[in-house]
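The values are calculated or read from the model by the stated rules, or taken from the named source; none is laboratory data. All values reported here derive from a predicted model rather than from experimental measurement. Reconstructed Cβ throughout: ideal geometry from the backbone, glycine too, with neighbour counts over all protein chains shown. SASA here: full protein model, heavy atoms, side chains in, ligands and nucleic acids out. Shrake-Rupley method; radii C 1.70, N 1.55, O 1.52, S 1.80 Å.
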Amino acid sequence: MNLTRPKTLAVTGVSLVLILVAMAYAFKVPPFNEKTGEIKATDACPSLGSPSSAIPALKKILPQRPSYSFDDTVTGGSNTSGLDYGASCLVTGESESPLLAARSRSMPAEPAKGWLKWVKTTAISNNSVGSLTPFTAGDKAAASGNFAAIFLPCISERKNQSPQYNISLTVELGRPGDASTRAGLIDLIESAASYAHKKASCNIPLKLSK
């Protein structure tokens, strides 16, 4: 009776199982996938807007990490000069470069076409702004799979007059994105725009896509 072949098959089978387990671990296939950290309303950057809007958008676009850290800085917004509002929100994982960067700043009114050309130069990565396509918000807005921007009319010295000051908002994802992340970025930047519009005491009606 030849027992060599069954033994060989058994060893081969065990080796195959071990290889598959190792691959599942390496590629984070369940049950070895990383646990995604919870994003609490008390942790998320206030400048991203209402947690009920911002957190679902963040969950849609951020890569899975065991934990997230939020660093938010908001300046100005205490008067109606329109020139003193600014905000910066950085989201990181575990000792990583930013997973997401969101920035807002007041600026004197200028043609929207000139703003879009300028705002592309503010991106962390040139690849982020290589395929921007427009969406409806503010005076002008555009987004790609990992970058979104809005030029938001803010202050007019007299009702129904052209804006004297605008707010420029950008959100950039620190990884390549797709149609799904583009939709999430638009949700997030519109949430940030709602916050900025109120914080900067804008007197021009807020126009967003939703």
Separation of alpha-carbon centers, the range 175-210 and the range 85-117, rounded to whole Å | 12 Å
Counting only heavy atoms of protein chains, what accessible area per residue, in Å², does the range 98-174 have with a probe of 1.4 Å?
-> 48 Å²
Find the relative contact order for the range 131-210 and round it to a whole percent, using C-alpha pairs within less than 8 Å whose residues are 6+ positions apart.
-> 33 percent
Kindly provide the trypsin sites (Lys or Arg not before Pro) of the range 117-197 that DSSP labels as loop, not H, G, I, E or B, and whose Cβ sees at most 12 other Cβ atoms within 10 Å.
-> ARG158, LYS159
How many percent of the accessible area of the range 58-210 is carbon or sulfur, using a 1.4 Å probe?
-> 48 percent
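Which pairs in the list LYS60/LYS207; LYS35/LYS59; LYS113/LYS140; LYS35/LYS60; LYS117/LYS207; LYS40/LYS60 are over 18 Å apart, alpha-carbon to alpha-carbon? Numbers along the way, then the final one.
On the way: LYS60/LYS207 23 Å; LYS35/LYS59 13 Å; LYS113/LYS140 8 Å; LYS35/LYS60 15 Å; LYS117/LYS207 21 Å; LYS40/LYS60 15 Å.
Checking Cα-Cα distances, LYS60/LYS207; LYS117/LYS207 exceed 18 Å.
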Consider all pairwise Cα distances in the range 92-187 and report the whole-number % of them above 21 Å.
-> 33 percent
